[in-house]
Amino acid sequence: MNAWLRQHRYALMVTLRRLVKQPFSSLANLLVMALALALPLLGSAILVSVQPVAREMSVTPEVTVFMRVDAPAGAAADIAKRIQADYAADVRAVRVVGREDALADLRANPAWQQALAVLPGNPLPDAVVVTLADGEDLAGRAGKLAQDWKQWNQVDLVQLDSAWVQRLEAILRFARIGLAFLAACVAVVVLATVFNTVRMQALSQREEIAVARLVGATESFVRRPFLYLGALSGALASLLAIGVAAAALSPLNNALLGLARSYGAEFALHLPGAPVLLVAIVASAALGALSARWSVTRSTRF
């Protein structure tokens, strides 16, 4: 056990000496990998920050049925009763919003008081607000019901109030797929960078490796420093990428804070939690070690 630990300590010290011996080359490789790794980190920061906002929004569609302005006084109540009777399995709640109640709500808003004061009458129609019951394919079912209700007499317009929430969910799904593709591309960049770095190191030390083999060094002994080189490069690059992403989020949040406050909201971008970042560091180190093993296996066949 002590011999095994000494071998790994020796390999780690050799790796650190090689990194320090070529500081500019090592730093350049780390920067290339860090900038590549920072891109999916920034993308995940945006997704992690936006998803809670999307979850807080109601995704249960509410369908608003607007009556014609010249519809009889009881038409909205009749429509509500018809919906409750014919679509009881699809509907959770139905309420009628009278035109006078809607006008009163608008008049209570100072932004609408002056505009409504110049109108000769009430331009608003009666409306029926329908909350749909939960179930499979909620968005598709809501669209079908809206199309059916548009055909009814005295109905002027049927509006699916939460359609924009469904669009936001679709955008988030697309963003997650795009982020996965970007992460795959970054993984290829890390593999190529570590592969080339280890290859150059192995070629520059061919004589040293040949002498080590002559005195009885095993293949694992020869390759172990290169594996540490790949793993350390991946881990250090991921740590540097986290710092770059955190530094980039600071000015972005300052600009975003002013925009959010203009809408009376508080919103900020933040990196994923510590467990996710730890997994990213370990994955980068493993990817670097894998690339290093592939490279050193191909480059030390002499």
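Residues that are farther than 8 Å from residue 129 by Cβ and of a type outside the set (A, V, I, L, M) were ranked within region 83-98; the one that is least open to solvent (accessible area, probe 1.4 Å) is 98. Look at region 177-200: where a residue is touching a residue at least 40 places away in the same chain (Cβ under 8 Å) and a partner is exposed (fewer than 13 other Cβ atoms within 10 Å of the Cβ), sitting 6+ places away or on another chain with Cβ atoms under 8 Å, you get 199/298. Taking region 191-212 as the region of interest, how many residues are among the basic types (Lys, Arg) and surrounded by 15 or more Cβ atoms within 10 Å (Cβ to Cβ)? Residues meeting the conditions: 1. One residue stands out among those in region 249-302 that are within 24 Å of residue 202 (Cβ to Cβ) and of a type in the set (S, T, N, Q): the one that is modelled with the highest pLDDT, which is 284. In summary, helices (runs of 4 or more DSSP H) completely within region 72-156 and bearing 3 or more residues that are under 30 Å from residue 170 (Cα atoms) and at pLDDT below 85 occur at 138-150. Cβ-Cβ contacts under 9 Å between residues 6 or more apart (or on different chains), taken from a first residue in region 8-24 that is free of Cβ contacts under 8 Å to residues at least 24 places away in the same chain to a second residue that is small (Gly, Ala, Ser) and open to solvent by less than 40 Å² (accessible area, probe 1.4 Å), are listed as 20/26.
Out of the residues in region 217-249 that are small (Gly, Ala, Ser) and open to solvent by 60 Å² or more (accessible area, probe 1.4 Å), state the one that is nearest to the chain's Cα centre (by Cα).
Within region 217-249, the first condition is being small (Gly, Ala, Ser), and the residues that meet it are 217, 220, 230-231, 233-235, 237-238, 241, 243, 245-248.
In the following step, the residues that additionally are open to solvent by 60 Å² or more (accessible area, probe 1.4 Å) were identified as 220, 247.
Working: 220: 41, 247: 19 Å.
For region 217-249, the residue satisfying everything is 247.
Do we have any residue at all in region 173-190 that's at pLDDT 80 or above and over 36 Å from the mean Cα position of the chain (by Cα)? Scanning region 173-190, I find no residue that is at pLDDT 80 or above and over 36 Å from the mean Cα position of the chain (by Cα), so the answer is no.
The values are calculated or read from the model by the stated rules, or taken from the named source; none is laboratory data. This structure is a prediction, so every number in the text was calculated from the model and none was measured. When we count neighbours, we look across all protein chains shown, and the Cβ atoms used for this are built from the backbone with ideal geometry, even at glycine. Only protein heavy atoms, including side chains, enter the accessible area calculation; ligands, DNA and RNA are left aside. Shrake-Rupley method; radii C 1.70, N 1.55, O 1.52, S 1.80 Å.
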